[in-house]
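J.: Next up is a structure, given as structure tokens.
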Amino acid sequence: MAAPAGGGGGGGGGGEPGPSAASRRVKYGSLAVLVVQNASLILSIRYVRTLPGERFLATTAVVMAEVLKGGACVLLLLLQHRGSVRQTAAVLHGAVLGQPGDTLRLAVPSLIYTLQNNLQYVAISNLPAATFQVTYQLKILTTALFSVLLLGTSLSRLQWLSLALLFAGVALVQAEQARAAPAPGDAGGPPQSYATGLAAVAASCLSSGFAGVYFERLLKRAGGCIWVRNAQLGAVGALVGLAAMWAAEGRAVAGLGFFHGYSPAVWAVVLNQAAGGLLVALVVRYADNILKGFATALSIVASTAASAHLFGFRPRAPFLAGTAMVVAAVYLYSRPRRPPPGPAPAPGDGPGPGDRDGKSVGAA
């Protein structure tokens, strides 16, 4: 599982400082890229979905993102096995066909992730990018609740307080946005419905929380390399996405074509979305909770600032106050717990349940 991150640097006898420095570079580098990816994905989806003219079919973009993500994981496995196609094929065959029950269990999060990705397109098409970014942090609340219910995770008082602060901040943002007139979009752009966007982001948060915790529970029980798991998710997700595409927009795809409306900007969105899943896997593997919280907070600030510059979004005082509450809540939730009073833990002890909570959020 550690092989993909080693990048081939773990073979020599360079001692401890080399791998440690390399690990820090991977950690901070992946977090920096994740901040840019989170902010740019939302802004770019908002851009391509509000352009005048005919839209691309969002369900096809979801399928292509899953195909690209699964293909990237296969390439990473190929590199991990030193370019051996036979070994890579044997690993994938054993994981997918050799364990059919395990593959079927992966269909549950694949189905939910496909629904979530489609809902994100609906939400961002109808909400300002900054409003979506702030409201979407409710996934932390849903993930925490499902983690308590399904994994038996115990949250600290500070984490419960941060969840209450998060909910209050999102509520303040929504109350301010409800009073304001809905954004009409660019001249000639497609119509937008704030209520539809809000319902879509709420359903997306709910599905994200459940799918993230379910997938974590599956990883804890079955184990396995994270790239193999993501390749499985990509393969099953592509099949589920094709079924959803055919059910929702089958006639449109048959009449207009799978790649109708695709432009370089749309392809950039698809590649960005596929890369996001791999980046989350890296962050979950190498970053601690505080840095992941900073990454999320910085992406919220970056999205708000960029929305003001690119889309003419003008946040008022209640919106800024609610956003500040959400950013503070994300940081507080990500802080590690204080060890309970008593003897100090042994040097080999693990990071504790706080890391598991952060991993759930990151995986969602």
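To keep it simple, each residue is scored yes or no on (1) over 26 Å from the mean Cα position of the chain (by Cα); (2) modelled with pLDDT under 80.
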site	(1), (2)
ALA3	no, yes
TYR28	no, yes
VAL63	no, no
GLU66	no, no
LEU76	no, no
HIS93	yes, yes
ASP102	no, yes
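J.: Okay, next question. Using the structure shown, decide if ARG86 is without any contact (Cβ under 8 Å) to a residue 60 or more places away in the chain and assigned to a helix (DSSP H, G or I).
T.: yes
J.: Filter region 121-148 down to the residues that are open to solvent by 20 Å² or more (accessible area, probe 1.4 Å) and in contact with a Cys (Cβ under 7 Å, 6 or more places away or on another chain) and list them by number.
T.: Within region 121-148, LEU138, LYS139, THR142 qualify.
J.: Which condition number does PHE210 fail, the rest of (1) open to solvent by 30 Å² or more (accessible area, probe 1.4 Å); (2) in a helix (DSSP H, G or I); (3) closer than 26 Å to ARG46 by Cβ; (4) at pLDDT 90 or above being met?
T.: With respect to (1) open to solvent by 30 Å² or more (accessible area, probe 1.4 Å); (2) in a helix (DSSP H, G or I); (3) closer than 26 Å to ARG46 by Cβ; (4) at pLDDT 90 or above, PHE210 is out only on (4).
J.: Consider LEU239 against the criteria (1) open to solvent by 40 Å² or more (accessible area, probe 1.4 Å); (2) at pLDDT below 85: it satisfies all of them except one. Which criterion is unmet?
T.: (2)
J.: Oh, and also: Would you be able to tell me the number of residues in region 242-262 that are over 30 Å from GLY101 (Cα atoms) and open to solvent by 80 Å² or more (accessible area, probe 1.4 Å)?
T.: The total comes to 3.
J.: Might you let me know whether region 328-336 holds any residue that is basic (Lys, Arg), at pLDDT 50 or above, out of contact with any Cys (no Cβ under 7 Å at 6 or more places or on another chain) and closer than 30 Å to TYR214 by Cα?
T.: Among the residues of region 328-336, at least one is basic (Lys, Arg), at pLDDT 50 or above, out of contact with any Cys (no Cβ under 7 Å at 6 or more places or on another chain) and closer than 30 Å to TYR214 by Cα, which makes the answer yes.
J.: Restricting attention to region 90-107, which residues are assigned to a helix (DSSP H, G or I) and either surrounded by fewer than 16 Cβ atoms within 10 Å (Cβ to Cβ) or free of Cβ contacts under 8 Å to residues at least 60 places away in the same chain (or both)?
T.: Selection gives ALA90, HIS93, GLY94, PRO100, GLY101, LEU104, ALA107.
J.: Next up: Can you give me the number of residues within region 111-123 that are over 16 Å from ALA247 (Cα atoms), over 13 Å from the mean Cα position of the chain (by Cα) and either at pLDDT below 90 or not hydrophobic (A, V, I, L, M, F, W, C) (or both)?
T.: Going through region 111-123 one residue at a time, the tally reaches 1.
J.: Next question, about the same structure. Within 24 Å of VAL213 (Cβ to Cβ), among the aliphatic types (A, V, I, L, M) and modelled with pLDDT of 80 or more - does that describe any residue in region 311-319?
T.: no
J.: Determine which member of the set ARG46, ARG55 is basic (Lys, Arg), over 15 Å from ALA235 (Cα atoms) and either touching a Cys at 6+ places or on another chain (Cβ under 8 Å) or part of a helix (DSSP H, G or I) (or both).
T.: Of the residues listed, the single one that is basic (Lys, Arg), over 15 Å from ALA235 (Cα atoms) and either touching a Cys at 6+ places or on another chain (Cβ under 8 Å) or part of a helix (DSSP H, G or I) (or both) is ARG46.
The values are calculated or read from the model by the stated rules, or taken from the named source; none is laboratory data. The structure displayed is predicted, hence computed values, not measured ones. Note that each Cβ is placed from the backbone with ideal geometry, even for glycine, and that neighbours are counted across all protein chains shown. Protein only, heavy atoms only, side chains kept; ligands, DNA and RNA dropped before computing areas. Shrake-Rupley method; radii C 1.70, N 1.55, O 1.52, S 1.80 Å.
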